[in-house]
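To start, the structure under review is shown below, and the notes come after it.
The values are calculated or read from the model by the stated rules, or taken from the named source; none is laboratory data. Please read all numbers here as calculations on a predicted model, not as lab measurements. Virtual Cβ from ideal backbone geometry, glycine too; neighbours counted across all protein chains shown. Please note that ligands, DNA and RNA were not included when accessible areas were found on the heavy atoms of the full protein model with its side chains. Shrake-Rupley method; radii C 1.70, N 1.55, O 1.52, S 1.80 Å.
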Amino acid sequence: MTVNPAPPLLRLADHAVFDPTDEAGVILDTRKDVYLALNATATLMLGAALRFGTVEEVVAHLGELVEAPTGTLEAGVTTLAHQLAQHGLLAPAEEGRP
């Protein structure tokens, strides 16, 4: 029996393109032809949230990359998710997450 992995914590909307190149990533909103610049930490956070299925997994991964308290990393991921939702960059089912 095959177990399906959990879906990623966050999923970008179809009109949002994430480019994590050069540590400071960008998200292009192809509907509006605008981009949102991310700092290095937000780029790592988004990359992890697009890869791992739970906040705990995202924070554990980030803890290997960034020296910060778990609570700070969790708050950062939550804040980033809310900001992306405000800009309409998350898939509709993801807007209430994490």
Scan the stretch 33-74 for residues that are touching an Asp or Glu at 6+ places or on another chain (Cβ under 8 Å) and either part of a loop (DSSP other than H, G, I, E, B) or farther than 18 Å from P8 by Cβ (or both) and jot them down.
-> Y35, L36, A40
Kindly check whether there is at least one residue in the stretch 64-71 that is closer than 19 Å to A16 by Cβ and exposed (fewer than 15 other Cβ atoms within 10 Å of the Cβ).
-> no
Just need a number here: residues in the stretch 12-50 that are of a type outside the set (A, V, I, L, M) and under 18 Å from H82 (Cα atoms).
-> 10
Is it the case that E74 is surrounded by 14 or more Cβ atoms within 10 Å (Cβ to Cβ) and free of Cβ contacts under 8 Å to residues at least 24 places away in the same chain?
-> yes
Scan of the stretch 45-58 for residues that are open to solvent by 10 Å² or more (accessible area, probe 1.4 Å), of a type outside the set (D, E, K, R) and either free of Cβ contacts under 8 Å to residues at least 24 places away in the same chain or within 17 Å of T21 (Cα to Cα) (or both), ordered by number | M45, G47, L50
Condition test on A60, is it among the aliphatic types (A, V, I, L, M), at pLDDT 95 or above and more than 13 Å from the chain's Cα centre (by Cα)?
-> yes
